[in-house]
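The values are calculated or read from the model by the stated rules, or taken from the named source; none is laboratory data. All figures in this text were calculated on a predicted structure; none of them were measured in a lab. In this analysis, Cβ positions are derived from the backbone assuming ideal geometry, glycine residues included, and neighbour counts consider all displayed protein chains. Quick note on the areas: whole protein, heavy atoms, side chains included, nothing else; ligands and nucleic acids left out. Shrake-Rupley method; radii C 1.70, N 1.55, O 1.52, S 1.80 Å.
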Amino acid sequence: MQMNRVAVVGSGGSGKSHVARELGRLLQAPVTHLDAVYFDDEWNTLPPEKFEAAQRELVSEPSWVIDGNYNSSLHVRLEACDTVVIMDVSTPAALWGILSRQVRHGAGQHQQGVYNRIHWGVVRYVATYRRKMRPQVLAKISQYGTGKQVMFLNSRAQTKRWLQQLAANR
(Lines give C-alpha, C1' and ligand atoms only; values in the text may rest on other atoms or scores of the structure.)
Protein backbone atom coordinates (compact mmCIF):
# COMPACT_ATOMS: atom_id res chain seq x y z
CA MET A 1 0.00 0.00 0.00
CA GLN A 2 1.63 3.22 -1.19
CA MET A 3 0.96 6.15 1.13
CA ASN A 4 2.43 9.60 0.59
CA ARG A 5 -0.45 11.94 1.35
CA VAL A 6 -2.69 10.81 4.18
CA ALA A 7 -5.82 12.46 5.57
CA VAL A 8 -6.77 11.17 9.03
CA VAL A 9 -10.37 11.93 10.03
CA GLY A 10 -12.76 10.94 12.79
CA SER A 11 -14.38 12.04 16.01
CA GLY A 12 -12.60 13.87 18.76
CA GLY A 13 -11.04 11.30 21.08
CA SER A 14 -10.82 8.65 18.36
CA GLY A 15 -7.03 8.63 18.16
CA LYS A 16 -6.45 10.78 15.05
CA SER A 17 -3.42 12.60 16.43
CA HIS A 18 -1.75 9.41 17.67
CA VAL A 19 -2.26 7.69 14.30
CA ALA A 20 -1.02 10.78 12.44
CA ARG A 21 2.17 10.92 14.54
CA GLU A 22 2.84 7.21 14.00
CA LEU A 23 2.15 7.42 10.26
CA GLY A 24 4.40 10.45 9.97
CA ARG A 25 7.19 8.52 11.67
CA LEU A 26 6.68 5.41 9.54
CA LEU A 27 6.31 7.30 6.26
CA GLN A 28 8.93 9.91 7.15
CA ALA A 29 6.36 12.55 6.24
CA PRO A 30 5.58 15.85 7.92
CA VAL A 31 2.56 15.75 10.23
CA THR A 32 0.08 18.59 10.63
CA HIS A 33 -2.56 18.63 13.32
CA LEU A 34 -5.27 20.94 11.98
CA ASP A 35 -6.13 22.16 15.47
CA ALA A 36 -2.68 23.78 15.49
CA VAL A 37 -3.53 25.61 12.26
CA TYR A 38 -7.10 26.53 13.23
CA PHE A 39 -6.53 27.77 16.80
CA ASP A 40 -4.01 30.30 18.09
CA ASP A 41 -2.59 30.25 21.62
CA GLU A 42 -5.72 31.93 23.03
CA TRP A 43 -8.11 29.55 21.19
CA ASN A 44 -9.07 32.16 18.60
CA THR A 45 -10.01 30.58 15.29
CA LEU A 46 -8.63 31.29 11.85
CA PRO A 47 -11.18 32.76 9.41
CA PRO A 48 -12.56 30.04 7.09
CA GLU A 49 -10.97 31.39 3.91
CA LYS A 50 -7.53 31.59 5.58
CA PHE A 51 -7.95 28.12 7.07
CA GLU A 52 -8.76 26.66 3.66
CA ALA A 53 -5.84 28.54 2.05
CA ALA A 54 -3.47 27.19 4.71
CA GLN A 55 -4.64 23.65 3.93
CA ARG A 56 -4.21 24.18 0.19
CA GLU A 57 -0.60 25.14 0.88
CA LEU A 58 -0.06 22.08 3.09
CA VAL A 59 -1.48 19.62 0.54
CA SER A 60 0.67 21.02 -2.25
CA GLU A 61 3.67 19.26 -0.68
CA PRO A 62 4.79 15.86 -2.05
CA SER A 63 4.15 13.99 1.21
CA TRP A 64 2.17 14.71 4.35
CA VAL A 65 -0.07 13.37 7.07
CA ILE A 66 -2.84 15.72 8.19
CA ASP A 67 -5.20 14.94 11.04
CA GLY A 68 -8.45 16.71 11.73
CA ASN A 69 -12.07 16.54 10.75
CA TYR A 70 -13.08 20.12 9.88
CA ASN A 71 -15.80 19.02 7.48
CA SER A 72 -16.17 22.46 5.87
CA SER A 73 -12.71 22.13 4.32
CA LEU A 74 -12.38 18.34 4.17
CA HIS A 75 -12.67 18.44 0.39
CA VAL A 76 -9.26 20.15 0.18
CA ARG A 77 -7.53 17.19 1.84
CA LEU A 78 -9.64 14.55 0.10
CA GLU A 79 -8.91 15.91 -3.36
CA ALA A 80 -5.15 15.88 -2.68
CA CYS A 81 -4.62 12.71 -0.62
CA ASP A 82 -3.91 9.20 -1.79
CA THR A 83 -5.11 7.61 1.47
CA VAL A 84 -7.90 8.36 3.93
CA VAL A 85 -7.72 6.85 7.40
CA ILE A 86 -11.07 6.98 9.17
CA MET A 87 -10.87 6.62 12.92
CA ASP A 88 -14.30 5.01 13.23
CA VAL A 89 -14.39 4.08 16.90
CA SER A 90 -17.56 3.72 18.95
CA THR A 91 -19.04 6.68 20.80
CA PRO A 92 -18.06 5.28 24.24
CA ALA A 93 -14.48 4.77 22.99
CA ALA A 94 -14.31 8.35 21.69
CA LEU A 95 -15.77 9.76 24.92
CA TRP A 96 -13.23 7.71 26.86
CA GLY A 97 -10.56 9.11 24.52
CA ILE A 98 -11.35 12.74 25.34
CA LEU A 99 -11.59 11.98 29.06
CA SER A 100 -8.34 10.00 29.20
CA ARG A 101 -6.55 12.68 27.15
CA GLN A 102 -7.72 15.27 29.69
CA VAL A 103 -6.39 13.15 32.55
CA ARG A 104 -3.07 12.42 30.79
CA HIS A 105 -2.33 15.89 29.42
CA GLY A 106 -4.58 18.36 31.22
CA ALA A 107 -6.23 21.23 29.42
CA GLY A 108 -4.47 23.43 26.91
CA GLN A 109 -2.28 23.16 23.88
CA HIS A 110 0.65 20.79 24.17
CA GLN A 111 3.38 19.25 22.08
CA GLN A 112 2.58 16.25 19.89
CA GLY A 113 -0.70 17.64 18.54
CA VAL A 114 -2.70 17.60 21.74
CA TYR A 115 -5.20 20.44 21.69
CA ASN A 116 -7.33 19.73 24.70
CA ARG A 117 -10.23 21.87 25.74
CA ILE A 118 -13.20 19.93 27.02
CA HIS A 119 -16.51 21.71 27.47
CA TRP A 120 -20.11 20.63 26.91
CA GLY A 121 -19.92 21.55 23.23
CA VAL A 122 -17.02 19.13 22.75
CA VAL A 123 -18.75 16.38 24.73
CA ARG A 124 -21.96 16.88 22.72
CA TYR A 125 -20.01 16.84 19.42
CA VAL A 126 -18.25 13.58 20.35
CA ALA A 127 -21.46 12.03 21.73
CA THR A 128 -23.39 12.78 18.51
CA TYR A 129 -20.54 12.37 15.99
CA ARG A 130 -21.53 8.94 14.68
CA ARG A 131 -25.14 10.01 14.15
CA LYS A 132 -24.64 13.56 12.88
CA MET A 133 -21.14 14.16 11.50
CA ARG A 134 -20.03 10.69 10.37
CA PRO A 135 -22.63 10.54 7.56
CA GLN A 136 -21.43 13.94 6.29
CA VAL A 137 -17.79 12.82 6.37
CA LEU A 138 -18.63 9.58 4.54
CA ALA A 139 -20.60 11.54 1.92
CA LYS A 140 -17.60 13.81 1.32
CA ILE A 141 -15.32 10.79 1.01
CA SER A 142 -17.72 9.32 -1.56
CA GLN A 143 -17.79 12.61 -3.43
CA TYR A 144 -14.09 13.55 -3.34
CA GLY A 145 -12.34 10.30 -2.50
CA THR A 146 -12.80 8.34 -5.70
CA GLY A 147 -9.75 6.18 -6.34
CA LYS A 148 -8.29 6.78 -2.89
CA GLN A 149 -7.31 4.08 -0.44
CA VAL A 150 -9.77 4.25 2.45
CA MET A 151 -8.93 2.53 5.73
CA PHE A 152 -11.55 2.21 8.47
CA LEU A 153 -10.07 1.68 11.93
CA ASN A 154 -12.85 0.64 14.31
CA SER A 155 -10.99 0.11 17.58
CA ARG A 156 -7.76 0.94 19.36
CA ALA A 157 -6.72 -2.72 19.10
CA GLN A 158 -7.30 -2.79 15.34
CA THR A 159 -5.40 0.50 15.02
CA LYS A 160 -2.45 -0.90 16.95
CA ARG A 161 -2.35 -4.04 14.77
CA TRP A 162 -2.58 -1.98 11.56
CA LEU A 163 0.27 0.33 12.62
CA GLN A 164 2.39 -2.70 13.61
CA GLN A 165 1.71 -4.31 10.24
CA LEU A 166 2.70 -1.11 8.42
CA ALA A 167 5.91 -0.90 10.46
CA ALA A 168 6.75 -4.53 9.70
CA ASN A 169 6.29 -3.94 5.96
CA ARG A 170 8.58 -0.89 5.81
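Can you give the accessible area per residue of the chain, in Å², using a 1.4 Å probe?
For the chain, the per-residue accessible area is 53 Å².
Positive end of the charge dipole of the chain (Lys, Arg +1 and Asp, Glu -1 on Cβ, about the Cα centre): tell me which of Gln2, Ala29, Leu74 has its Cα farthest that way. The residue sitting most towards the positive pole is Gln2.
Rolling a 1.4 Å probe over the protein chains gives Glu49 an accessible area of about 120 Å².
Report the extension gain between Glu57 and Phe152 in nm, rounded to one decimal, defined as 0.36 nm multiplied by the number of residues separating them, less their alpha carbon distance.
Working: separation 95, 0.36 × 95 = 34.20 nm, distance 2.65 nm.
Full-extension gain reported as 31.5 nm.
Relative to the current alpha-carbon distance between Asp41 and Thr91, full extension at 0.36 nm per residue lengthens the span by 15.1 nm. Using alpha-carbon pairs under 8 Å, 6+ residues apart, how would you state the relative contact order of the stretch 36-85 in percent? After rounding, I find 30 percent.
Treating only the Cβ of Lys, Arg, Asp and Glu as charged (+1, +1, -1, -1), what charge dipole size does the chain show about its Cα centre? Round to the nearest 20 debye. It comes to approximately 760 debye.
Taking 20 Å as the straight-line reach from the Cα of Lys140, the lysines in range (excluding those fewer than 8 positions away in the same chain) are Lys16, Lys132, Lys148. Take 123-132, 8-17 and order them by the average number of nearby Cβ atoms within 10 Å per residue, most first; the result is 8-17, 123-132.
Round to a whole number: what % of the accessible area of the chain belongs to carbon and sulfur, probe 1.4 Å? Mind dumping the intermediate values first?
Working: 4690 of 8950 Å².
That fraction is 52 percent.
Against the criterion of solvent-accessible heavy-atom surface with a 1.4 angstrom probe, Thr91, Thr45, Thr146 sort, most first, into Thr146, Thr45, Thr91.
With the simple spin-label model, which puts each label point 7 Å out from Cα in the Cβ direction, the Trp162 to Val123 separation comes to 2.9 nm.
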